[in-house]
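Quick notes on the structure that follows.
FYI, it's all coordinate maths here, none of it is from the lab. Worth saying up front: this structure is predicted, and the values here are computed from it rather than measured.
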Amino acid sequence: MTVLYLAVPCYNEEEVLQDTTEKLIKKYEQLIAEKKISSKSRIVYIDDGSKDKTWKIITQLHDKYELVSGLKMSRNRGHQNTLYGGLVTLKDYADVVISIDADLQDDINAIDEMLDKYEEGCDIVYGVRKKRETDTFFKRFTAESFYKILKSMGAEIVFNHADFRLMSKRALDAFADFKEVNLFLRGMVPMVGFKSDVVEYERLERQAGESKYPLSKMLALAWQGITSLSVKPIRMIMWLGIIIFLLAVLSGIYSFVMYFFGKTEPGWASMFISIWALGGLQLFAIGVIGEYLGKVYLETKQRPRFIVEKFLNDEE
Ligand code: UDP
Ligand code: MG
């Protein structure tokens with residue numbers, strides 16, 4: 001039977017842990033009774049160097065409930081690093097790992113459907129938010145624009161999916177080969193491939209405590225997403241240079257014509273053209289250098305170049 005580990009990153013979550021645990025244990029008992037998961041399954045709280053009583057509470061919960069385990073990170077490293085560390089650590093104990101935030105804003109009832117998809121042969125199941133009614137207009141607008149910008153930059157991400165997802169051990173083994181340190185998990189996971197699907201759910205309100213993602217962290221995450229997944233911003237510099245240079249050529253022709261009609265001040269044409277032409281060339285040159293820098297950047301990530309899904313091979 002499927003051994004399910006739940007990876008729950010926690011940063012200063014003392015207010016929600018008790019409630020979250022009760023809900024999750026209920027869910028686990030139901031899943032175990034329905035024989036959807038094995039009783040060896042666990043709920044693992046991953047403490048991201050919290051400054052409050054989070055770790056103490058996790059220890060108590062672990063003593064009290066057999067289903068609850070705890071993983072403590074050496075210090076605060078942020079949600080993405082903590083989650084990655086959790087996933088890669090837990091894959092050795094589980095058949096599937098589902099990641100979910102400690103505040104249970106993501107509907108735990110979607111877990112049933114995720115497991116069904118896993119049984120149907122999916123290695124990755126993305127949780128996708130149906131509506132964002134509980135989010136403020138500001139959060140909804142910024143989040144949705146962010147997905148669109150990332151798409152236009154050529155990054156492959158699942159629209160309205162955050163970090164609520166199921167990954168099989170096989171997918172996680174492949175994921176562990178991604179050596180990059182600037183993590184933007186929801187952009188990296190689709191690169192793993194394998195059969196994937198989505199499960200829709202309604203995003204709820206945070207139960208207690210406040211968001212550990214203030215605007216500054218949200219912006220940092222968005223910037224991380226763009227710059228980790230795409231070198232297009234560099235290419236944009238190059239294109240801007242080319243366009244400006246072309247404009248200089250056009251205005252060169254224009255001022256040349258004007259010169260013949262005697263409609264220019266002395267020195268105007270040469271000044272005008274050289275400013276634009278040099279500016280354009282400089283941007284173009286920076287873009288070319290950037291292009292190489294972008295290649296170096298991608299190389300340093302040492303991402304796996306391929307991941308084999310199946311090998312049909314008859315040997316004696
Ligand atoms: N989190 C973390 N480290 C951090 C910040 C957040 O592990 O430095 C965890 C947090 O405990 C929660 C998840 O990341 O489980 C998402 O945070 P939150 O719910 O506050 O974000 P929001 O839902 O407001 O975007
Ligand atoms: Mg939340």
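General remarks:
- For region 1-148, the equivalent ellipsoid derived from the alpha-carbon gyration tensor has semi-axes of 23, 22, 15 Å in decreasing order.
- Residue of PRO233, PRO190, PRO266 that the Gaussian network model of the chain assigns the largest fluctuation, springs spanning Cα pairs under 10 Å: PRO266
- Evaluating 6.51 cos²θ - 1.76 cosθ + 1.60 at θ = phi - 60° for every residue in region 71-84, the Karplus couplings come out as 10, 10, 7, 5, 6, 6, 10, x, 4, 5, 5, 5, 5, 4 Hz, glycine and proline recorded as x.
- Fraction in percent of alpha-carbon pairs per bin - 5 Å, region 233-277: 5, 24, 25, 18, 12, 8, 5, 3, 1
- Taking 16 Å as the straight-line reach from the Cα of LYS139, the lysines in range (excluding those fewer than 8 positions away in the same chain) are LYS130, LYS131, LYS148, LYS212, LYS217.
- For VAL68, residues with placed amide H under 5 Å, excluding near neighbours: ILE43
- Gyration tensor over alpha-carbon atoms, region 63-210, equivalent ellipsoid semi-axes in Å: 23, 20, 17
- Long-range amide H partners of VAL128 with built H, under 5 Å: VAL199, GLU200, TYR201
- Globularity index of region 142-253 is 1.43 (Cα radius of gyration / 2.2 N^0.38 Å, N = number of residues).
- Counting only the Cα atoms, region 177-220 fills a convex hull of 134 Å³ per residue.
- For region 162-175, 3J(HN,Hα) computed residue by residue from phi via the Karplus equation (6.51, -1.76, 1.60; θ = phi - 60°) reads 9, 10, 9, 7, 9, 10, 7, 4, 4, 5, 5, 4, 5, 5 Hz, glycine and proline entered as x.
- Over 32 Å [Cα-Cα, the chain], rounded percent: 40 percent
- Counting only DSSP beta bridges with both residues in the chain, the antiparallel share comes to about 30 percent.
- By the Cα gyration tensor, region 50-123 has an equivalent ellipsoid whose semi-axes, rounded to whole angstrom, run 24, 15, 13 from largest to smallest.
- Of THR227, THR136, THR82, the one that fluctuates the most in a GNM where the chain has Cα springs shorter than 10 Å: THR136
- Most fluctuating residue given options PHE178, PHE137, PHE260, as computed from a GNM of the chain linking Cα atoms under 10 Å: PHE260
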